[in-house]
There are 2 protein chains.
Amino acid sequence: MSNSTMGRCGEDALKLVADYWVLRIVEELNRAGEPLRFCNLQRLLDGVSPVTLTARLRALDDRALVARTEGSAGKASVSYELTDRGRAVLPVIQAISDFATSSP
Amino acid sequence: MSNSTMGRCGEDALKLVADYWVLRIVEELNRAGEPLRFCNLQRLLDGVSPVTLTARLRALDDRALVARTEGSAGKASVSYELTDRGRAVLPVIQAISDFATSSP
DNA sequence: GCATTCGCTACAAAACTTGTAGTGCTACCC
DNA sequence: GGGTAGCACTACAAGTTTTGTAGCGAATGC
């Protein structure tokens, strides 16, 4: 680890996870408990712009936090679901939730 | 973790905390263990632009996560330090750190 | 066939960040 | 007391990101 001190939690992880949409996506995918489609996610996330959603999903897929699977039908049925590694960020969301309810 | 009771973790908290600079600031303030000055923070945070740093510190101060105190000398000595409420976000940073070291 | 839905991409406008300068103030040195 | 330096910002232009709206090709429904 090139950083001088271990005190900082991984830069990469921080840059990935310290993002509103990334956390919302993980939250909704977890809540659903089943694969969701692009437009499902879009609706659940108060209509994020498709550009942003695409970018975030790609980032999450690249790092294997979500799995993208194309149905047999081809382009018209793609779904996203959390991987084990994706579920590893749930504690972060839980921590934020705890913080939120701690002293409003 | 129950998904239905969690609902979405507080929107406000999420919007505040799901931010790279906010988390870095809290991290450094905690690490220092003592009040830091604006320029100290700026140096510790790889030279964030003063505009961004000012904005984040103001947001954190508004929500009482950090306390801003002007020294007796007036404008030339302002310092920032974590409040108890500010320390309440440390678990979030810890969770991210855990995630980062979990499966690289 | 025709319309609608899906999973995006294209494009311009708005919002945010960055980098560089500069302001007003205080502290220090000679 | 003058000169220099540091602090805590603010001002501004330039670059990047996000949003909003439109649209496209493929598939699904009637």
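The values are calculated or read from the model by the stated rules, or taken from the named source; none is laboratory data. Bear in mind the structure is a predicted one, so any value in this text is a computation, not a measurement. Ideal geometry is used to build each Cβ from the backbone, glycine not excepted, and the neighbour counts take in all protein chains shown. Heads up: the accessible areas ignore ligands, DNA and RNA and are worked out on the full protein's heavy atoms, side chains in. Shrake-Rupley method; radii C 1.70, N 1.55, O 1.52, S 1.80 Å.
If you go through the stretch A:81-104 and pick out every residue that is under 19 Å from the mean Cα position of the chain (by Cα), within 25 Å of residue B:17 (Cβ to Cβ) and either within 16 Å of DNA strand D (Cβ to nearest atom) or not in a helix (DSSP H, G or I) (or both), you end up with 4. Restricting to the stretch B:51-98, and then to whatever is in contact with a helix residue (DSSP H, G or I) (Cβ under 6 Å, 6 or more places away or on another chain) and at the interface with chain A (Cβ under 8 Å from one of its Cβ atoms), can you tell me which residue is most open to solvent (accessible area, probe 1.4 Å)? Ranking the qualifying residues of the stretch B:51-98, first place goes to B:91. For residue B:101, the criteria (1) surrounded by fewer than 16 Cβ atoms within 10 Å (Cβ to Cβ); (2) β-branched (Val, Ile, Thr); (3) under 22 Å from residue A:13 (Cβ atoms); (4) more than 10 Å from every other protein chain (Cβ to nearest Cβ) hold in every case but one, which is (4). One residue stands out in the stretch B:1-21 among those that are more than 8 Å from chain A (Cβ to nearest Cβ) and at pLDDT 95 or above: the one that is farthest from DNA strand C (Cβ to nearest atom), namely B:16. For the stretch A:40-80, the set of residues classified as in a loop (DSSP other than H, G, I, E, B), charged (D, E, K, R) and under 12 Å from the mean Cα position of the chain (by Cα) consists of A:63 only.
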